[in-house]
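Since the structure comes first, as structure tokens, the remarks are kept for the end.
Just so it is clear, none of the values below were taken in a lab; they were calculated from the coordinates. Small disclaimer: the values here were computed from a predicted structure and weren't measured.
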Amino acid sequence: MEGDGPTGSVAIPEYLQMKINLKKKLDSSLRSDPLHPMFVKMLEKTNTYLQEALACETLVISTILNPSFRLAIFEKHFPQEASEAKKKLVELFEERKNQMAEQI
């Protein structure tokens, strides 16, 4: 992902996958495991960044428009954000439709 294409549309899915992987690592490690505190801290940071990404309209819309994910990723993993994401997509569509109608 070093400049070979747009990456905004994969930010949310990547954070989600990282969260899932870290949760599995955390669940499979013992509290006495030397890496346990690191997994806890990494999971906290990942959750923080995931929430920031979900609050970014650009990342949400680009994820929805990515054919690999569409709105389904929000409906499955972020149901509380799904309706807001869909609403914003419809608003942007209507705005663009009106702009195009004015140009005709």
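Per-structure values
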{"read-out": "Principal-axis tilt of helix 36-55 within the chain, Cα atoms, nearest 10 degrees", "value": "10 degrees"}
{"read-out": "Which label in (i) 24, 17, 13; (ii) 31, 12, 10; (iii) 35, 14, 10 gives the computed semi-axes √(5λ) of the Cα gyration tensor in Å", "value": "(iii)"}
{"read-out": "Of 61, 73, 20, the one that fluctuates the most in a GNM where the chain has Cα springs shorter than 10 Å", "value": "20"}
{"read-out": "Cross-link reach list, lysines versus residue 45, counting only Cα pairs under 23 Å and skipping chain neighbours closer than eight places", "value": "19, 23, 24, 25, 76"}
{"read-out": "Most mobile of 91, 75, 14 in a GNM of the chain (Cα contacts under 10 Å)", "value": "91"}
{"read-out": "³J(HN,Hα), Karplus 6.51/-1.76/1.60, whole Hz, each residue of region 87-96, x for Gly, Pro", "value": "4, 5, 4, 5, 4, 5, 4, 5, 4, 5"}
{"read-out": "Folded to 0 to 90 degrees: helix 8-28 orientation relative to the chain principal axis, Cα", "value": "20 degrees"}
